[in-house]
Amino acid sequence: MTEFKEDFQVGPETITLFDNYLGISDANDLRNHILAISEKLKTSEKTYRCLREYKFVAPRLAPRFYYQHILEDRKRREQNGENPIFMDIGCCFGTDIRQIILDGYPAKSIVGVDLYAHFIRLGYELFQDQGKLQAKFITGNIFDEQFLSTSDEQPSDQPSNLNEYKHSVTYLNAGSVLHLFGNEQIRQFIRRAALLLKPGGLFCGAHVGGNQSGTYERLFDGSIKYFEGKDSLKVILEENDFADIDIRATRRVGDPDFKDDKAKRDGFEALWLNFSAVYSPKV
């Protein structure tokens, strides 16, 4: 049984979301509802620290600097006859998907992608919208060649995959995803993100990185973690035909702590990196 934060309390942004989406406005009722769902999460094959801290119950995309641009640009594109697709890779419970729908994005033009079907099923329970929500959810591994082919051939033995979305996504969000990987996997992920985006499409996300790249042992769980530096992330994006790159860094207050002073000797500082970049393939 995984340990979860014991003193969890619902914040105002969570109350606003669930009040608007479900009509649950009482903090105690909402907390009990969330705790009931989290009991099923505790026995999942996989949980992340952000889940154990109940960060899945509040919108995480809406506060980002590129969020309003997505909402406004979508309206402009629709007025020009487009049907812009918004894809959330690593959507988990789909909390951000429910929020962006509340903010006016058409559910039929939204695709959520996650490695674990269990998270998506619990999202339906959390938001009580099974059979009602018109957004599409797909389960699979973006690094799997059958799930997203890097060749022109599109394998068809997997009934639901990302190949149908190649070169057609207008907005691709990867929130709290890149920091799960090492350097080479980050490079592969960004290359595959480029496969999904149409020219002029926006790739955005937020994750823990650093003022420089480095690998360190974290204090809280003893894991060895790679942190992609802000400047090296920009280089990787540029190498994959992304332009208009905007990476904004904020400090991680007191977290993460490291087991020795190697990070201090290196001058390393963990940062929360918000980024957006426009896919601009060379003709």
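Read the figures in this text as sums done on the coordinates, not as results from a lab. All values derive from a computational prediction rather than experimental measurement. Reconstructed Cβ throughout: ideal geometry from the backbone, glycine too, with neighbour counts over all protein chains shown.
Residue by residue through segment 96-132, note down the ones that are in contact with a Lys or Arg (Cβ under 8 Å, 6 or more places away or on another chain), crowded, with 19+ Cβ neighbours inside 10 Å and over 19 Å from A174 (Cβ atoms).
L122, F127
Checking S25 against (1) in contact with a Lys or Arg (Cβ under 6 Å, 6 or more places away or on another chain); (2) over 21 Å from C92 (Cβ atoms); (3) among the hydroxyl-bearing types (S, T, Y): exactly one of these is not met. Which one?
With (1) in contact with a Lys or Arg (Cβ under 6 Å, 6 or more places away or on another chain); (2) over 21 Å from C92 (Cβ atoms); (3) among the hydroxyl-bearing types (S, T, Y) applied to S25, the lone miss is (1).
In this structure, is E228 crowded, with 21+ Cβ neighbours inside 10 Å, under 26 Å from D257 (Cβ atoms) and of a type outside the set (A, V, I, L, M, F, W, C)? Full working, then the answer.
Values: crowded, with 21+ Cβ neighbours inside 10 Å: yes; under 26 Å from D257 (Cβ atoms): yes; of a type outside the set (A, V, I, L, M, F, W, C): yes.
In short, yes.
Would you tally the residues in segment 1-42 being in a helix (DSSP H, G or I), closer than 20 Å to Y124 by Cβ and of a type outside the set (F, W, Y)? Spell out how you get there, then give the answer.
If we filter segment 1-42 for residues that are in a helix (DSSP H, G or I), which is where we start, we get 12-22, 27-41.
Applying the additional criterion that residues be closer than 20 Å to Y124 by Cβ yields 14, 17-22, 29-41.
If we keep only those that are of a type outside the set (F, W, Y) as well, we get 14, 17, 19-20, 22, 29-41.
Total satisfying the criteria: 18.
Kindly check whether there is at least one residue in segment 147-155 that is touching a strand residue (DSSP E or B) at 6+ places or on another chain (Cβ under 8 Å), hydrophobic (A, V, I, L, M, F, W, C) and either more than 24 Å from F227 (Cα to Cα) or buried (at least 17 other Cβ atoms within 10 Å of the Cβ) (or both). Talk me through it step by step, then tell me what you get.
Going residue by residue through segment 147-155, those that are touching a strand residue (DSSP E or B) at 6+ places or on another chain (Cβ under 8 Å) are none.
The answer is no; no qualifying residue exists.
Report, by residue number, each residue of segment 193-203 that is surrounded by fewer than 22 Cβ atoms within 10 Å (Cβ to Cβ) and within 19 Å of C91 (Cβ to Cβ).
L195
State all residues of segment 45-83 that are surrounded by 15 or more Cβ atoms within 10 Å (Cβ to Cβ) and among the small types (G, A, S); if no residue qualifies, say none.
Residues satisfying the conditions are A58, A62.
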